[in-house]
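These notes concern the structure reproduced below.
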Amino acid sequence: MLPRRSLCGLFSAPFLAGTAAAQGSWPARSVRLVVPYPPGGTSDILARPFGEFLRQRLGQAVVLDNRPGASTNIGNEAVARAEPDGHTLLFGQASMIGNVFTGPPPNYDPRHAFAPVSLVARVPYMLAANPAFAAHDVASFIQLARAHPGQYRIASAQLDFQVAQMARRSEIEVEHVAYRGGAQATGDAIAGQLEMVFALVPVLLPFVRDGALRAIGVTSADRTPVLPDTQSFQEAGVARLDSGTWYGLFAPAGTPRGIVQRLAAETAAFTGDAAMAARLGAQGYRLESTSPEQLEQLFQRTAEDYAQVVRDLDWRPAR
């Protein structure tokens, strides 16, 4: 686990090393945008229009490079070890620091491996149930689970930590069934093989809309605009459960500051595009940009949040 004092220096090296303006014309060739997940997932759905937007703005090809594996560590490490010239970027996620606390531990130090550029979007998790399940919202779910501890099953695609956090904060006992992929976890909940599934909102939203699943609750502090009739866990009285994930743009440590600033400006243009915000917002993404310094602060807060929850849950990272 990262000692608290080490969190204060997150990303300090990249900014000290990257203060010089970019030399020559950038980009001089195609830009590789590494997505540490398989094609077709929630990261990919967001990264593809973002990459196309960058292509139009930068005047060079932006090639998406899907590098899944080891809970994002493989793709993240590919960028961490890349040349810091602005031609290799990471479409990162909160798990890039979360893995330090929950496992699998990365083979590089995420505190010093990247230059933060900008936040791109935030997405909450959703708990959804088979329509035959007796509960219809967070309050009735908690009441039912407390009356029958350990009886109900929740599927997820390797979200062990997040499900444990939800259960602990809700003061309930449920059985978590881990799947390798979200499609099978969702399919089994739809088929009634188990009662519920836990995943990011964009994963489950189409099935909720067509009636194959019932939305029970979301983990954002407030209701999500795409599900205005669905309770948040906090609204239902579950304290300190404001969780989800964020997506951000990162470059290798040492990338020139001029390039980082240009990329941050282009990201702000992407998130500020009304048509893009409406298109992706309808799928459950909340577009949001930041300065590089604000993304650094978010990274630090995420690390502190993970550390706190690990202590609360007495969590043992996977090795």
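Remarks
- Leading residue by the ranking (farthest from Pro292 (Cα to Cα)) among those in region 68-83 that are touching a Ser or Thr at 6+ places or on another chain (Cβ under 8 Å) and buried (at least 22 other Cβ atoms within 10 Å of the Cβ): Thr72
- Selected residue [small (Gly, Ala, Ser) and crowded, with 19+ Cβ neighbours inside 10 Å] from Ser140, Ser95: Ser95
- Those residues of region 148-172 which are assigned to a loop (DSSP other than H, G, I, E, B) and either closer than 20 Å to Gln193 by Cβ or in contact with a Leu (Cβ under 7 Å, 6 or more places away or on another chain) (or both), in sequence order: His148, Gly150, Gln151, Tyr152, Ala157, Gln158, Leu159
- Applying a threshold of 9 Å to beta carbon distances and a minimum spacing of six or more residues, or different chains, the list of pairs starting in region 161-172 at a residue that is under 15 Å from His148 (Cα atoms) and free of Cβ contacts under 8 Å to residues at least 60 places away in the same chain and ending at one that is among the hydroxyl-bearing types (Ser, Thr, Tyr) and not in a helix (DSSP H, G or I) reads Ile172/Tyr152.
- Sole residue being at pLDDT 95 or above and among the β-branched types (Val, Ile, Thr), chosen from Val197, Val163: Val197
- Here is the figure for region 90-132: residues that are more than 30 Å from Gly187 (Cβ to Cβ) and polar (S, T, N, Q) total 2.
- Of all residues in region 156-173, those satisfying the criterion of being surrounded by 14 or more Cβ atoms within 10 Å (Cβ to Cβ) and either under 13 Å from Phe233 (Cα atoms) or β-branched (Val, Ile, Thr) (or both) are Val163, Gln165, Met166, Ala167, Arg168, Arg169, Ser170, Ile172.
- Tally of residues being within 19 Å of the chain's Cα centre (by Cα), among the hydrophobic types (A, V, I, L, M, F, W, C) and within 21 Å of Ser118 (Cβ to Cβ) across region 50-91: 8
- Just one of the listed residues (Ala277, Ala251) is under 19 Å from the mean Cα position of the chain (by Cα), at pLDDT 90 or above and crowded, with 19+ Cβ neighbours inside 10 Å, namely Ala251.
- Check on Gln184, farther than 27 Å from Ala70 by Cβ and surrounded by fewer than 20 Cβ atoms within 10 Å (Cβ to Cβ): no
- Unique match (being in the same structural domain as Leu204 (by TED's automatic domain parsing) and either of a type in the set (A, V, I, L, M, F, W, C) or in contact (Cβ under 8 Å) with a residue 60 or more places away in the chain (or both)) among Ala82, Ala70, Ala78, Ala132: Ala132
- One residue alone among Thr255, Thr224, Thr290 is touching a Pro at 6+ places or on another chain (Cβ under 9 Å) and not assigned by TED's automatic domain parsing to the domain that holds Asp109, and that residue is Thr224.
- The condition of being at pLDDT below 95 and under 23 Å from Gly237 (Cβ atoms) does not hold for Phe133.
- Within region 44-67, tally of residues that are among the β-branched types (Val, Ile, Thr) and out of contact with any Ser or Thr (no Cβ under 6 Å at 6 or more places or on another chain): 2
- Selected residue (criterion: nearest to Arg240 (Cα to Cα)) from residues of region 117-147 that are among the small types (Gly, Ala, Ser) and outside any strand (DSSP E or B): Ala139
- No other residue among Arg122, Arg153 is surrounded by fewer than 23 Cβ atoms within 10 Å (Cβ to Cβ), of a type outside the set (A, V, I, L, M) and touching a Phe, Trp or Tyr at 6+ places or on another chain (Cβ under 7 Å) apart from Arg122.
The values are calculated or read from the model by the stated rules, or taken from the named source; none is laboratory data. Since the structure is predicted, the reported quantities are computational estimates derived from the model, not experimental observations. Reconstructed Cβ throughout: ideal geometry from the backbone, glycine too, with neighbour counts over all protein chains shown.
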